[in-house]
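The block underneath contains the structure these notes are about, expressed in structure tokens.
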Amino acid sequence: MSEISLSLNPESPKPPRPKKTRPPKPRPDAAERERSQRRALVTSILVGSAVVHAVLLLLFGLWTVAKHFTRPEARFEVKKTVKIPPKPPEHKMNVAKHEAMAPKPTFNDKLVSTRPVDFALPELPQVNLDQMLPLDPSELISDQVAGLVGSAALGSGLGQGLAGGGGSGEGMSFFGVRAQGERILLLFDVSLSVKNKAEAAGIPLERIQEETLKLIDGLPISAQFSIIQFTQNYLPFNDELVAATPANKEAARDWVRKRWVTGGSMSSAAAGVVANQTGFVGILERAAAMRPDVIFLISDGSFHWRPGGAGIARIPHGEFRGALRRLEEDLPRRPPIHFIAFEPRAEDAREWTRIVRRMGGEFRELKKE
């Protein structure tokens, strides 16, 4: 057996190859590990962002496709248009204005001969052709409106009304003092001194009462008025200015006839009388609250008050100037004050003349003729 084995393997067996040993990999330090982690984090973020965008794009595509299948049916709505038809008078005025803006025809034709003659015809004279043209429709309408206004007592009737009984129609007149306005306030000093001076001048308070009734009767319906009688206390016809309607005029006439003070005194205990410690200064403050645009004042220019509830004293002129300045501040424009005075003292007459002129009014002294 050994010989056979030797003959079949004549060569000797080769020795085994030595195994190669790989050197161990060096361990990464901390910096390398940090860079590796950062790269892994950035890669994961990019991959996640790409996946999210892909999902969003897919959802948007599905929503776009689904929107075409769920589109609502078209609906046609007709909204009602509200139109207010123009008023016939305004429409006619607009049409007339439009027609008036249209150019008017002009005529420049002359008489011309078509064949020569032995004589020459003179030119036609110049004729005003405006009279031959149709009238402007707007002028016709304005004339008709003016006629209607005149016939509606707003022309001559209004003039007679504002004249206060015997005026020329350019305003109202009270004891010869002319004024214009639509918010009239009458202030009457009915103290004993005024009563005596008025009677000495031949104009008793009853005459003032009659003139007041005439003025009330002549007020147009567009006016507003009120009356205040005062000594130191005061008695108003109404707290505010009232329209000059027939009912208000009748109430004012009845008030003047029944409540007119002729005795020269006014008790605060009487019905409707307002107690007043500041005298005419308080009257001016009450007048400012009524917002008149013209004031008639009848007095002798001698005003008294009880400052602080003390004894009666004359009101200094400076107090009037201050009260009038406050009145001007409270009103949209300066109301003229027309002062009708009965025998005022020279000092009072000079001061009130300056005050009244500054207010745009008139100072008139009534004396016995």
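The values are calculated or read from the model by the stated rules, or taken from the named source; none is laboratory data. These numbers come from a predicted model, not from an experiment. Reconstructed Cβ throughout: ideal geometry from the backbone, glycine too, with neighbour counts over all protein chains shown.
For region 309-348, what are the residues that are among the small types (Gly, Ala, Ser) and within 19 Å of residue 188 (Cβ to Cβ)?
323, 341
Hey, any hits in region 200-212 for a residue that's in contact with a strand residue (DSSP E or B) (Cβ under 8 Å, 6 or more places away or on another chain) and free of Cβ contacts under 8 Å to residues at least 40 places away in the same chain?
yes
Could you look through region 312-353, keep only residues that are over 21 Å from residue 194 (Cβ atoms) and modelled with pLDDT of 85 or more, and pick out the one that is farthest from the chain's Cα centre (by Cα)?
It comes out as 336.
Among the candidates 71, 35, single out the residue that is at pLDDT 70 or above and of a type in the set (Lys, Arg).
From the options 71, 35, the qualifying one is 35.
Being closer than 21 Å to residue 327 by Cβ and among the basic types (Lys, Arg): is that true of residue 286 here?
In short, yes.
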